Amino acid sequence: MKILGIETSGTLASVALLNTETNQISEINITAAKTHSTTLIPMIHALLDLSGVPLDDIDVIAVDTGPGSYTGIRIGIACVKGLVLSRKNIRVSGVSNLTAAAFTHGDKSFVKKEARTGTVYCGVYDEFQNPVVPDCVLSEIEFENLREKYKDFQLIEANEPYAKDLCKFAFAQGCPRTEPLNAAYLEPTKAEKETQMSEIRCQKSD
């Protein structure tokens with residue numbers, strides 16, 4: 001089985017190819033001034049060309065569904081949907097980067113990822129990567145209180161996820177098909193916040 005991993009939830013653009021028969025992983029990781037929308041497709045083509053694997057030979061695409069940059073996550077998911085549009089044989093697995101980080105650690109994990117100013121993404125997992133506390137976004141005070149409750153869990157920083165970890169986790173889980181493929185932002189987008197504020201103003205005017 002050949003699994004293509006795509007990671008765009010942060011400043012790092014990362015693509016990886018896992019051949020499960022040989023256990024070989026190839027990867028390209030770039031932190032550039034250009035946006036992921038500019039670099040992602042060329043990175044995928046370069047990785048597949050260097051690996052000698054055509055896109056039609058890919059069995060699974062594992063893509064980061066969040067949490068992280070709204071724009072970055074949207075770019076990654078849109079890219080995957082475009083790639084599989086005419087390739088129904090390719091299965092798509094959406095992966096939380098927090099869960100992938102817990103899997104990479106392989107023990108009881110308290111996973112942390114920096115969010116917007118004053119907030120933190122986090123998830124708490126047992127040694128089998130089952131969620132003890134589902135992925136969430138917390139204030140710094142809420143985070144410290146939760147951390148105190150699970151202080152015996154290893155603290156894992158997941159600020160720069162890598163595509164190879166998505167591949168490994170997806171394979172370990174049997175590469176479940178994710179339908180529909182949606183982003184897990186964990187907090188409202190700017191447009192959603194504006195809609196909420198507009199509704200509040202309308203309620204007040206009534």
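The values are calculated or read from the model by the stated rules, or taken from the named source; none is laboratory data. On a predicted model such as this, the values are computed, not experimentally measured, just so you know. Backbone-built Cβ (ideal geometry, glycine too); neighbour counts: all protein chains shown.
Starting from residues that are in a loop (DSSP other than H, G, I, E, B) and farther than 13 Å from G68 by Cβ, keep the ones in segment 109-120 and report whichever is modelled with the highest pLDDT.
Taking segment 109-120 as the starting set, the residues that turn out to be in a loop (DSSP other than H, G, I, E, B) are 115-118.
From what is left, the residues that are farther than 13 Å from G68 by Cβ are 117-118.
On the way: T117: 79, G118: 87.
Selected residue: G118.
Please state which one of A33, A62 is under 25 Å from A115 (Cβ atoms), of a type in the set (G, A, S), outside any helix (DSSP H, G or I) and out of contact with any Ser or Thr (no Cβ under 9 Å at 6 or more places or on another chain).
Details: A62 fails: out of contact with any Ser or Thr (no Cβ under 9 Å at 6 or more places or on another chain).
Residue meeting the stated conditions: A33.
Taken over segment 135-189, the criterion of being free of Cβ contacts under 8 Å to residues at least 60 places away in the same chain, under 15 Å from the mean Cα position of the chain (by Cα) and surrounded by 13 or more Cβ atoms within 10 Å (Cβ to Cβ) is satisfied by C136 alone.
Checking the conditions here, which among G68, G76, G123 is in a loop (DSSP other than H, G, I, E, B) and either hydrophobic (A, V, I, L, M, F, W, C) or surrounded by 21 or more Cβ atoms within 10 Å (Cβ to Cβ) (or both)?
Working: G76 fails: in a loop (DSSP other than H, G, I, E, B); G123 fails: in a loop (DSSP other than H, G, I, E, B).
Sole residue among the options that is in a loop (DSSP other than H, G, I, E, B) and either hydrophobic (A, V, I, L, M, F, W, C) or surrounded by 21 or more Cβ atoms within 10 Å (Cβ to Cβ) (or both): G68.
Right, S14: of a type in the set (G, A, S), outside any helix (DSSP H, G or I) and either touching a strand residue (DSSP E or B) at 6+ places or on another chain (Cβ under 7 Å) or modelled with pLDDT of 95 or more (or both) or not? In short, yes.
Have a look at S26, S86 and point out the one that is over 15 Å from the mean Cα position of the chain (by Cα), modelled with pLDDT under 95 and among the small types (G, A, S).
Details: S26 fails: modelled with pLDDT under 95.
Matching residue, one of S26, S86: S86.
Screening segment 89-108 for residues that are part of a loop (DSSP other than H, G, I, E, B) and of a type outside the set (A, V, I, L, M, F, W, C) and picking the one that is farthest from the chain's Cα centre (by Cα) gives N89.
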